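Working notes for the structure below.
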Amino acid sequence: MSDRTIQNLFLANKPFLDSLTKPLKAFKAIEKITTCRTSTLGTSVYVCPKDNTVHEQYHSCRHRHCFLCAEKKRQEWLEHQKAKLLDCPHFHVVFTIPHEYLSLWRFNEALLSRYLFRASRETLMTLLSDKKYGGICPGIMMALHTWGRKLDLHPHMHCLVSGGGLNTQGDWRSLGEYLVPGGVIRRVFRGQFQALLKQGLENGQIVLPDDLSRASFWRLYRSTYRKEWCVRIEERYEHGKGVVCYLARYCKGGPLHPKQIVSANDREIQMSYLDHRDKRVKAQGLKRDEFFKRYLMHIPADGLHTVRHYGLYAAASKARHKRSAAVVGTLKGCDPGYGERLRAMVVCCRQCGSPMPLSYQRWRAWKGISTNKESLEDGASGNVQQVDESDHANVLCEKERPPPIREEIFFGLNA
């Protein structure tokens, strides 16, 4: 399957998607995914200094659910995380809210997302600050996922917790082979999340679904106290790089890989998934409206940060992080990352191999911006251009020169 499989699927069903009643976040996602790396979003033009070739590179949409433009962002994010992660063992903890609260989640997505972040953070920070479980301030990275392997609604929080931290005296202390007892962390997390729900309803912040009355909510609320919540603590990792690489696949690019699309028509879409119970790859068929409903359901609310850092990894803990890194080091420089190699790439001419500088850019004309009609006739849009060569107009319009050859580019590395 091509990297454009999901985009082509959106394009083929654009009339159907336009007819759906959907929130603004879904409308924005559809518009950006369907126009990503097309002339609609504008073009960057690279010209060979010897006038052999001209390359036009279409702009990316930069939407976090778009698979096409996610690879570069994913690698840049990985490089940033490796510079932050301490070179020590890490634990992978997954917090999941009960499925009884799924209808409440659909009506309060942004609010309950913040509750899940806060309850997970308070659970880990409270327990690990207790001398019985280490008495430290750890480094914590959290990533919110709302989907299961079948694209169904399954809100859960992935947490990467350092296997050590600073104690009250500011000295580094390791946790050993285990984090905290499973029963303890489940009970504390349940209490933290339930307290936030109760406070939110009493303050009028939570919107109840039409089929859930206030009395029904309190019955549901009490019933969830009688069940054991799902908090999974994986075996200790010698470093956190593996978990970060796993999270990077889903933090950028959406919940679905194009290779998972097996077949598609105007009635049904077949997709593959890995069943976590028996570790076997299986296939499921979803009706067209159900597939897009599930896919668009997982687009984060506007302004919601799905990855956050706490403890030693928080932005406000630079001094404590520096003190910890002086003891155990960080993952930066462990191996040359793809992100560094990507930044070193330049556009090269296929005819002579010379680096092709950026000549000019054409941008999409947004409402309220005056446009030049002659530029629009030439395929340009908008009144904004970034000029890297002052005489690029003369170079491109000089009639006595033979027209350059337009070919696909290849990439080389800066010396």
Based on what the data block shows, is Tyr101 open to solvent by less than 10 Å² (accessible area, probe 1.4 Å), more than 19 Å from the chain's Cα centre (by Cα), over 26 Å from Tyr178 (Cβ atoms) and at pLDDT 95 or above? yes
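Taking Val307 as the residue in question, decide whether it is under 30 Å from Gly163 (Cα atoms), aliphatic (A, V, I, L, M) and open to solvent by 30 Å² or more (accessible area, probe 1.4 Å). Reasoning before the result, please.
On the way: under 30 Å from Gly163 (Cα atoms): yes; aliphatic (A, V, I, L, M): yes; open to solvent by 30 Å² or more (accessible area, probe 1.4 Å): yes.
Yes.
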Residue check, Tyr295 under 30 Å from Gly183 (Cβ atoms), surrounded by 17 or more Cβ atoms within 10 Å (Cβ to Cβ) and not charged (D, E, K, R): no
Residues of region 240-249 being closer than 13 Å to Val161 by Cβ and either assigned to a loop (DSSP other than H, G, I, E, B) or open to solvent by 60 Å² or more (accessible area, probe 1.4 Å) (or both), in sequence order, are Gly240
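What residue, among those in region 214-233 that are open to solvent by 60 Å² or more (accessible area, probe 1.4 Å) and in a loop (DSSP other than H, G, I, E, B), is modelled with the highest pLDDT? Break it down into steps so the answer makes sense when it comes.
Here is the first cut: in region 214-233, the residues open to solvent by 60 Å² or more (accessible area, probe 1.4 Å) are 214, 219, 222, 225-228, 230, 232.
Checking which are in a loop (DSSP other than H, G, I, E, B) leaves us with 226-228, 230.
Details: Arg226: 91, Lys227: 91, Glu228: 92, Cys230: 95.
Ranking the candidates gives Cys230 first.
Yes or no, residue by residue, for (1) within 26 Å of Asp87 (Cβ to Cβ); (2) part of a loop (DSSP other than H, G, I, E, B); (3) touching a Phe, Trp or Tyr at 6+ places or on another chain (Cβ under 6 Å); (4) without any contact (Cβ under 8 Å) to a residue 40 or more places away in the chain:
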{"site": "Leu111", "(1), (2), (3), (4)": "no, no, no, no"}
{"site": "Arg118", "(1), (2), (3), (4)": "no, no, no, no"}
{"site": "Glu122", "(1), (2), (3), (4)": "no, no, no, no"}
{"site": "Gly135", "(1), (2), (3), (4)": "yes, yes, no, yes"}
{"site": "Ile140", "(1), (2), (3), (4)": "yes, no, yes, no"}
{"site": "His156", "(1), (2), (3), (4)": "no, no, no, no"}
{"site": "Val161", "(1), (2), (3), (4)": "yes, no, yes, no"}
{"site": "Gln169", "(1), (2), (3), (4)": "yes, yes, no, yes"}
{"site": "Val184", "(1), (2), (3), (4)": "no, no, no, no"}
Only one of Leu201, Leu179 is surrounded by 15 or more Cβ atoms within 10 Å (Cβ to Cβ) and assigned to a helix (DSSP H, G or I); which? Leu201
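The values are calculated or read from the model by the stated rules, or taken from the named source; none is laboratory data. Just so you know, these numbers come straight off a predicted model, no measurement behind them. Cβ sites come from the backbone with ideal geometry, for glycine too, and all protein chains shown count toward neighbours. For the accessible areas, the whole protein counts, side chains as well, though only heavy atoms, and no ligand, DNA or RNA atoms are used. Shrake-Rupley method; radii C 1.70, N 1.55, O 1.52, S 1.80 Å.
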